[in-house]
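Visitor: Please read through the structure below; I'll follow up with questions.
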Amino acid sequence: MEHVAVTREALERDIAQLIIDTLNLEHLTATDIPVDQPLFGDGLGLDSVDALELALALQKNYAVRIESDVKDARRHFATIASLAAFVGTQRAACAD
Amino acid sequence: MNEGDARVPHWARQRERGSFALMKLTAFGLRRLGRRPMTPVLYLIVLYFFVFGRRARRNVRQYQDYLAAWSGRRELRPRLRSVFGQFMAFGDSLLDRLEVWRGSLPLSEVQLHDPSGMCARLLKSAHGGRGEILIGTHLGNLDVCRALAELGEQVPLNVLVHTKHVAHFNRLQNAAGDHQLRLLQVSEMDAALMLELSQRLDQGEWLAIAGDRVPLHDGRRVAVDFLGHPAQFPQGPWLLAGLLRCPVNLMCCLKIDGRYQIHLEPFIDAPEWERSQREALIKSWVQRYANRLAQWCLLAPQQWFNFHAYWQSSDLSQSSGETDAHPRRAAP
């Protein structure tokens, strides 16, 4: 169990870093973004174009597919934690 | 503007249906009869659209009016004859389009203006380079650019289209004998599409997209000055370029003295934006594009084939969507 927790934390940090690199948020570091802070709207303040940019980077870096279902995508992209969970399950599914 | 403007249907609904029926008819006639006997038929069809297309007539008049005022060339001011001329030019371009699809308009009949050597890059990318974006326009005849495909055995060109009429057009193209063109319907930009386009570029394929029509469902648009008046242009092509970090070129094909000229120009080498300046940067690209378009309009004043209301009255310009793409500063 502990192992899973560690990898998830690492994944969350990786994703935070990916967000920073992709969107050029140079004034931030990976630990500055709380994993449960909303990425869009009032939280980090990303917009729909950022979402596309981020989705492209995620798909390339983690070899996952983000389907066009808007509702699902919105749920997955809510926070860093939800993104990590999404990438985690997608990767687990691919590994099977 | 009068009260009718509030109900002006979007071009995607308004225009394509009419021209599709028209093209289906001409495609059929052309295949059966050849071009020459079809020409008088075409005159009749165009005359029909001219007589009953009050709205289109008014839009053409407005375009010619703006072009004349903007350029200071009085001879371009709209008259009955010049407005009809623009309708005829459209009919003529439809015939040419069908010939291109049948492959009977060879590249040797097309003059190429390619000072930057873009064609060479197009060919090279088929052998291991990264693709680029071509932004086309409904000024002149986009389909003639298909003649570019004759350059190599196969230039990997994907054409991104907005409308739901793709299936129709595919059928029509097949009927006309063209099986090569790859049309991708893009009703909305989403993650899956971005990935696909990105992969296609990495494989050396090019993307062609029109830069002068605002799509029906994607509200991202930007108003810039075009021929002296604010007009709405889509943000989509420029967002694609920025998101995919992909060089942008302009493409335009005008019929001048009966011969087609394809103009190919590099436009943005390496699109990249700061989040906070994204919107302003896109607007500056679009303004530059509109300026170039205006110059091209002067080369072929009657080949502006956007027959819908291009310049919206100002109260319509604040439609939804623009705010959507507005970058907010990330919290520190």
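Visitor: In what order do B:V51, B:V41 fall by count of nearby beta-carbon atoms within 10 Å, going from fewest to most? Working shown, then result.
Guide: Values: B:V51 11, B:V41 15.
Listed from fewest to most nearby Cβ atoms, that is B:V51, B:V41.
Visitor: Can you tell me the order of A:84-92, B:254-262 when each peptide is scored by its average per-residue count of other Cβ atoms within 10 angstrom, highest first?
Guide: A:84-92, B:254-262
Visitor: Quick one: B:C246, B:C252, fewest Cβ neighbours within 10 Å first, how do they rank? Before the final figure, lay out the partial values.
Guide: Values: B:C246 20, B:C252 27.
Lowest to highest Cβ neighbour count: B:C246, B:C252.
Visitor: How big is the Kirkwood radius of segment A:2-95, worked out from every pair of different alpha carbons and given in Å to one decimal?
Guide: Final number for the Kirkwood radius of segment A:2-95 is 13.4 Å.
Visitor: Rank the residues B:K283, A:K71 as a footprinting-exposure proxy: fewest other Cβ atoms within 10 Å of their Cβ go first.
Guide: Ordered by Cβ neighbours within 10 Å, fewest first: A:K71, B:K283.
FYI, it's all coordinate maths here, none of it is from the lab. Fair warning: this is a prediction, and the values are worked out from it, not measured in the lab. Glycine gets a Cβ as well: all are built from the backbone with ideal geometry, and neighbour counts include every protein chain shown.
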